[in-house]
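Below is one structure; the comments refer to it alone.
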């Protein structure tokens with residue numbers, strides 16, 4: 001029995017399928033710095049929770065924040081209510097502070 005090799009999934013065009021998410025990410029890059037935001041997205045795309053999660057019109061990107069994270073209630077609300085757009089990203093740690101999310 002022979003099997004054909006599966007083809008890699010095609011990359012989704014974020015700006016086409018998730019335009020509000022793309023605008024929000026652009027704004028976060030301006031606010032928090034491109035290196036920080038891109039790092040959060042990379043970590044979330046590798047499955048690390050608590051860095052980046054966005055949903056828009058049935059598409060999701062990233063990894064949800066854990067239930068113990070302060071943002072979890074807002075994230076769960078967005079999922080339960082079927083919001084057309086919601087985005088969550090970690091915030092840079094501040095001396096003596098804790099990470100949060102926007």
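The values are calculated or read from the model by the stated rules, or taken from the named source; none is laboratory data. Just so it is clear, the structure is predicted and the values come from calculations on it, not from any experiment. Virtual Cβ from ideal backbone geometry, glycine too; neighbours counted across all protein chains shown.
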request  = Please name all residue pairs, on different chains or six or more residues apart, with Cβ atoms under 6 Å, provided the first residue is in region 9-29 and is over 11 Å from residue 59 (Cβ atoms) and the second residue is surrounded by 13 or more Cβ atoms within 10 Å (Cβ to Cβ) and modelled with pLDDT of 95 or more.
outcome  = 15/22; 24/87; 28/37; 28/89; 29/37
query = Any idea how many residues of region 57-83 are surrounded by 14 or more Cβ atoms within 10 Å (Cβ to Cβ) and in a strand (DSSP E or B)?
reply = 3
task = Residue by residue through region 1-39, note down the ones that are touching a strand residue (DSSP E or B) at 6+ places or on another chain (Cβ under 8 Å), at pLDDT below 95 and not in a loop (DSSP other than H, G, I, E, B).
result = 14, 17
query = Is region 40-54 home to any residue that is modelled with pLDDT of 95 or more, over 10 Å from the mean Cα position of the chain (by Cα) and not in a loop (DSSP other than H, G, I, E, B)?
reply = no
note = Every listed condition ((1) within 16 Å of residue 93 (Cα to Cα); (2) without any contact (Cβ under 8 Å) to a residue 12 or more places away in the chain) holds for residue 60 save (1)
